[in-house]
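The values are calculated or read from the model by the stated rules, or taken from the named source; none is laboratory data. This one's a predicted model, so the numbers in the text were calculated from it and none came from an experiment. Ideal geometry is used to build each Cβ from the backbone, glycine not excepted, and the neighbour counts take in all protein chains shown.
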Amino acid sequence: MKNAISELRDGVINLGLGVERLGGIKAGLNDNDVVIMTQLNSTPFTSPIIYSSEKGITAYAGGGQANATQLTKQLNIVETVASAADSVKLPVAVAGLQITIKNAAYPNTLAVFPSTGGDINDGTVNASINVNADSTIVFIAIDSTTWEVPTNVNTDVVSESYSGSGVTIDGVLIKDGVLRGLAALTSATGSLNGTFIIANTKQSISGAGAINITSHKTEITTTGSDAYTLVDGVVTGQLKKIHMIAYGGTGTLQPANIAINNAILFRVVGDEATLMWDGSNWVIIDTSSVVGDGQTPTIV
């Protein structure tokens, strides 16, 4: 090791030596030291680089930077995040240092803080970013204070590995590749860009009530002269199907806004109507009766 160490400061060793001379340095390092290697000759690496790693990490319950669980390895697998925003903390940034964090807990998000005085993505000093459940983010230090997430990963980038429960992004459940709720999908201006699929689930109503817009199909059982309401759709092109499965009286569907007509009457078991939201009104695009008796819902 003679003349091999060019600088030792804050637990970081900078080496000015060829790779073939690294064999004896381990004894002089502490567990949390970081080694930065500079290869001065053309000697190739002859075996894979082994990075430090730790699994079974528990995020600090209650979150925050001050008491966040300190990460000390290059690859960190956090397996316990008891509550959303429980926290871990990156080491002091050293230009070129790379830290990988996987949130292997479910379903809570993990808060990752920089060390005191640091920032992430040139954001607010000491502010955290979130890592979703079953997600991995790589942090690279670009100087002594700032960590960058190279792929601009944010809290809306997740993978779904829990088919039994799905995952939630900004309050919207995604299960089996399908959006399972619409309440949180509209923006502040009420618009929604892109294509989405209503989950192939159904709503069942016995007696009068409100027909929802979060399922593709609603089955109604009338218990008398029952009135049904339907609020406006969420996005142009949204489809809604209403089907009578049991008759106890005429069912009258009165959407809040409907093109041309005022209401649809369901009077025979098997009556079915399909509506499409055009951005302003529900438009009736099909009526039928699956019993094949020639009866269809009456449009009034």
### Query
Out of curiosity, is Val283 in a loop (DSSP other than H, G, I, E, B), touching a residue at least 12 places away in the same chain (Cβ under 8 Å) and either assigned by TED's automatic domain parsing to the domain that holds Gly209 or touching a Gly at 6+ places or on another chain (Cβ under 6 Å) (or both)?
no
### Query
Picking from Ile174, Ile140, Ile129, Ile101, which residue would you name as being at pLDDT 60 or above and not assigned by TED's automatic domain parsing to the domain that holds Val88?
Ile174
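Please verify whether Thr236 is part of a loop (DSSP other than H, G, I, E, B), touching a residue at least 12 places away in the same chain (Cβ under 8 Å) and under 35 Å from the mean Cα position of the chain (by Cα), treating the condition exactly as stated.
Against the criterion (part of a loop (DSSP other than H, G, I, E, B), touching a residue at least 12 places away in the same chain (Cβ under 8 Å) and under 35 Å from the mean Cα position of the chain (by Cα)), Thr236 qualifies.
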### Message
Pairs needed: first member in region 109-124, in contact (Cβ under 8 Å) with a residue 60 or more places away in the chain; second member anywhere, buried (at least 22 other Cβ atoms within 10 Å of the Cβ) and in a strand (DSSP E or B); C-beta distance under 6 Å; at least 6 residues apart or different chains.
### Response
none
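Output the number of residues of region 87-114 satisfying the condition of being closer than 24 Å to Ile142 by Cα, assigned to a loop (DSSP other than H, G, I, E, B) and among the polar types (S, T, N, Q).
Residues that pass the stated criteria total 0.
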